[in-house]
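The values are calculated or read from the model by the stated rules, or taken from the named source; none is laboratory data. Here the structure is a predicted model, which means the values were calculated and not measured. Cβ placement follows ideal geometry from the backbone for every residue including glycine, while neighbour counts extend to all protein chains displayed.
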Amino acid sequence: MYDKTELLWNLITQNFSGRQNEKLHKLVESYYGSNPLKENLNFLIKSLEESYGTVILTTGFPILKLVAPETDGPLGVIVLSKVLTKLGFSIEIITDILTQPVIEKLIDVAKVDVAFIYVVSAPKNWNNRVIQEIMRNVHEIRLAISVETPSPNRVGVYHNMSGFNITNIVGHFAPIFEFFKMKNIPTIGIGDGGNEIGFGVIRDLIIRNNAIPFAKKCRCPCGEGIVADVKTDALLSASTSNLGAYALSALLSLKFKIDFPLTPELEEKMLIAAIDTGAVDGITGEKRLMVDGIKITKLKEIISQMIKIIKE
């Protein structure tokens, strides 16, 4: 089992698009002192020991130039949802207003059962409505997983990877994860850039090692850099957040002897649906079959490799 986690970790952290986020992966490895994928799997399994209840998944990272959702994040949430519902858990998704149509379309395309979708507002319009709704059944929540969800920096400003302030268009997810912490709800953060929820646990490491562009100083007046301040109990980095979510889903499927629902064909089908609903590639900003600069042909190849690893 755990030799497969090593193979999958090596697969999902390859530099497929030239983004050069290997430093980030090395820091996550140093934080754990072992394979981060194995550590996240163990944490996930322990958090789901009771085979019932609710898992909350979050995603929604806006592209500033186009004020549009990106293709990384939503697909990972859907694949995790498919696996977790097969294991008997109820799924609730928290997203932003831009990503909501993408999530709704993917739920239909992938034929996954989601109990509820919450839409979180931007910081300037923030209210506790989502938290109040979650509170109704808080005792049933077993786990919260963030997949490519933006985090503010230490002074409360959200940034993209180019160092620009996106606070006015982003969903304000930080208070929700503060609520999870207050209620002792286990959390996992999956990201690829250091500015997503979860990377707060290695914030000082990222800044000290200047591991990502604009780690120390951003391009907006706050001048405090783009590194996430929001922490999660477990952290997983990957070449794309989708790939991190896929790898965890694959290992869960293997562990509990259920079919891994992702295929190269489904990946393409979901990506087409996401783009048709307004999503764009997070690197180029184009409405093309890409995720963070990785073309669909390569993505299908990676998924085929992933399937081969868990079946061997």
Restricting to region 79-122, and then to whatever is in contact with a Ser or Thr (Cβ under 9 Å, 6 or more places away or on another chain) and among the charged types (D, E, K, R), can you tell me which residue is farthest from Pro150 (Cα to Cα)?
Lys86
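Mind checking whether some residue in region 149-157 is closer than 28 Å to Glu49 by Cα and either touching a residue at least 40 places away in the same chain (Cβ under 8 Å) or aromatic (Phe, Trp, Tyr) (or both)?
As a first pass, look at region 149-157 and keep what is closer than 28 Å to Glu49 by Cα: 149.
Subsequent filtering for residues that are either touching a residue at least 40 places away in the same chain (Cβ under 8 Å) or aromatic (Phe, Trp, Tyr) (or both) retains 149.
Yes, region 149-157 has at least one match.
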Between a first residue in region 210-230 that is more than 14 Å from Met161 (Cβ to Cβ) and a second residue that is among the polar types (S, T, N, Q) and surrounded by fewer than 15 Cβ atoms within 10 Å (Cβ to Cβ), which pairs have beta carbons less than 9 Å apart while being 6 or more apart in sequence or on different chains?
Lys216/Asn210
Is region 194-204 home to any residue that is touching a Lys or Arg at 6+ places or on another chain (Cβ under 7 Å) and assigned to a loop (DSSP other than H, G, I, E, B)?
no
Does region 42-53 include one or more residues that are of a type outside the set (Lys, Arg), crowded, with 22+ Cβ neighbours inside 10 Å and not in a strand (DSSP E or B)?
yes
Taking Ile134, is it in a helix (DSSP H, G or I) and either crowded, with 23+ Cβ neighbours inside 10 Å or among the hydroxyl-bearing types (Ser, Thr, Tyr) (or both)?
yes
From the option list His172, His139, single residue qualifying as of a type outside the set (Val, Ile, Thr), in contact with a helix residue (DSSP H, G or I) (Cβ under 6 Å, 6 or more places away or on another chain) and free of Cβ contacts under 8 Å to residues at least 60 places away in the same chain is His172
Only residues that are under 28 Å from His159 (Cα atoms) and part of a helix (DSSP H, G or I): list them for region 108-131, please.
Pro123, Lys124, Asn125, Arg129, Val130, Ile131
Within region 109-124, take every residue that is out of contact with any helix residue (DSSP H, G or I) (no Cβ under 6 Å at 6 or more places or on another chain) and in contact (Cβ under 8 Å) with a residue 40 or more places away in the chain and give me the one that is surrounded by the fewest Cβ atoms within 10 Å (Cβ to Cβ).
Lys124
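Can you tell me which residue among Ile190, Ile145 is buried (at least 24 other Cβ atoms within 10 Å of the Cβ), in contact with a helix residue (DSSP H, G or I) (Cβ under 6 Å, 6 or more places away or on another chain), of a type in the set (Val, Ile, Thr) and not in a loop (DSSP other than H, G, I, E, B)? I'd like the intermediate steps shown before the answer.
On the way: Ile145 fails: in contact with a helix residue (DSSP H, G or I) (Cβ under 6 Å, 6 or more places away or on another chain).
None of the others qualify; the one that does is Ile190.
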Checking the conditions here, which among Ala215, Ala238, Ala228, Ala211 is crowded, with 19+ Cβ neighbours inside 10 Å, touching a strand residue (DSSP E or B) at 6+ places or on another chain (Cβ under 8 Å), over 13 Å from Thr149 (Cα atoms) and at pLDDT 95 or above?
Ala238
Pick out the one residue from Glu22, Glu39, Glu29, Glu6 that is among the charged types (D, E, K, R), closer than 24 Å to Ile302 by Cα and crowded, with 19+ Cβ neighbours inside 10 Å.
Glu39
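Identify, from the list Ile166, Ile190, Ile145, Ile185, the residue that is touching a residue at least 24 places away in the same chain (Cβ under 8 Å), in contact with a strand residue (DSSP E or B) (Cβ under 8 Å, 6 or more places away or on another chain) and farther than 24 Å from Leu205 by Cα. Give the steps one after another, and end with the answer.
Details: Ile166 fails: farther than 24 Å from Leu205 by Cα; Ile190 fails: farther than 24 Å from Leu205 by Cα; Ile145 fails: farther than 24 Å from Leu205 by Cα.
Being touching a residue at least 24 places away in the same chain (Cβ under 8 Å), in contact with a strand residue (DSSP E or B) (Cβ under 8 Å, 6 or more places away or on another chain) and farther than 24 Å from Leu205 by Cα holds for just one of Ile166, Ile190, Ile145, Ile185, which is Ile185.
Of all residues being surrounded by fewer than 22 Cβ atoms within 10 Å (Cβ to Cβ) and of a type in the set (Phe, Trp, Tyr) in region 245-301, which is farthest from Thr71 (Cα to Cα)? Just the residue, please. Full working, then the answer.
Our first condition is that a residue be surrounded by fewer than 22 Cβ atoms within 10 Å (Cβ to Cβ); within region 245-301, this holds for 252-261, 263-266, 268-269, 272-273, 275-278, 280, 283-289, 293, 295-298, 300-301.
Add one more test, that the residue is of a type in the set (Phe, Trp, Tyr), and what stays is 256, 260.
Details: Phe256: 29, Phe260: 21 Å.
Checked region 245-301; the qualifying residue farthest from Thr71 (Cα to Cα) is Phe256.
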Taking the residues in region 1-53 that are at pLDDT below 95 and of a type in the set (A, V, I, L, M) as candidates, determine which candidate is nearest to Ala250 (Cα to Cα).
Met1
Taking region 251-272 and keeping only residues that are more than 15 Å from Asp108 (Cβ to Cβ) and part of a helix (DSSP H, G or I), one is left with Leu251, Leu252, Ser253, Leu254, Lys255, Pro264, Glu265, Glu267, Glu268
